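*Asks:* Structure in structure tokens, see below.
The values are calculated or read from the model by the stated rules, or taken from the named source; none is laboratory data. These figures come from a predicted structure and were not determined experimentally. Virtual Cβ from ideal backbone geometry, glycine too; neighbours counted across all protein chains shown. These area figures cover heavy atoms from the full protein model, side chains too; ligands, DNA and RNA do not enter into them. Shrake-Rupley method; radii C 1.70, N 1.55, O 1.52, S 1.80 Å.
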Amino acid sequence: MELFILFQTDRYQSKSSKVCFGVFDSEEKAIEAANLESLSEYESEIVIEKCTLNQFEEI
């Protein structure tokens, strides 16, 4: 099963600036939540990463 993790980052997308805002079962739901909360602004961007459930790896 694939999950989608919604992050907000700075415009340089540095790893230290990532803030997790949720885990979703579809990319459409993640985008909808980001738009609802207005996460994408002038100094920030949203990143949606796809990962597989029950698999150990660094995100």
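*Asks:* Which residues make up the longest stretch of the chain that has no trypsin sites (Lys or Arg not before Pro) in a DSSP loop with at most 16 other Cβ atoms within 10 Å?
*Replies:* Between the exposed loop sites, the longest stretch runs 19-59.
*Asks:* Check each of the GluC sites (Glu not before Pro) in the chain and keep only those in coil by DSSP with at most 10 other C-beta atoms within 10 angstrom; list them in order.
*Replies:* Here the GluC sites (Glu not before Pro) that fit, given the DSSP loop and packing criteria, are Glu41, Glu43, Glu57, Glu58.
*Asks:* Let me ask another. If you place +1 on the Cβ of every Lys and Arg, -1 on the Cβ of every Asp and Glu, and leave all else neutral, what size is the dipole of the chain about its Cα centre, to the nearest 20 Debye?
*Replies:* Charge dipole of the chain: 140 debye, to the nearest 20.
*Asks:* Roll a 1.4 angstrom probe over the protein heavy atoms and tell me the percent of accessible area of the chain that is carbon or sulfur.
*Replies:* Here it works out to 52 percent.
*Asks:* Among (i) 15.6, 55; (ii) 13.7, 47; (iii) 11.5, 35, only one was calculated for this model; which label is it, if the read-out is Rg and Dmax of the Cα atoms in Å?
*Replies:* From the options (i) 15.6, 55; (ii) 13.7, 47; (iii) 11.5, 35, the structure gives (iii).
*Asks:* For every other residue with a beta carbon closer than 9 angstrom to the beta carbon of Arg11, add +1 if it is Lys or Arg and -1 if Asp or Glu, then tell me the sum.
*Replies:* So the environment of Arg11 carries a net charge of -3.
*Asks:* Whole number in Å², please: accessible area per residue of the chain, 1.4 Å probe, ligands, DNA and RNA not counted.
*Replies:* 76
*Asks:* Go through the range 12-57 and name the chymotrypsin sites (Phe, Trp or Tyr not before Pro) that are in a DSSP coil and have 14 or fewer other Cβ atoms within 10 Å of their Cβ.
*Replies:* Tyr12, Tyr42, Phe56
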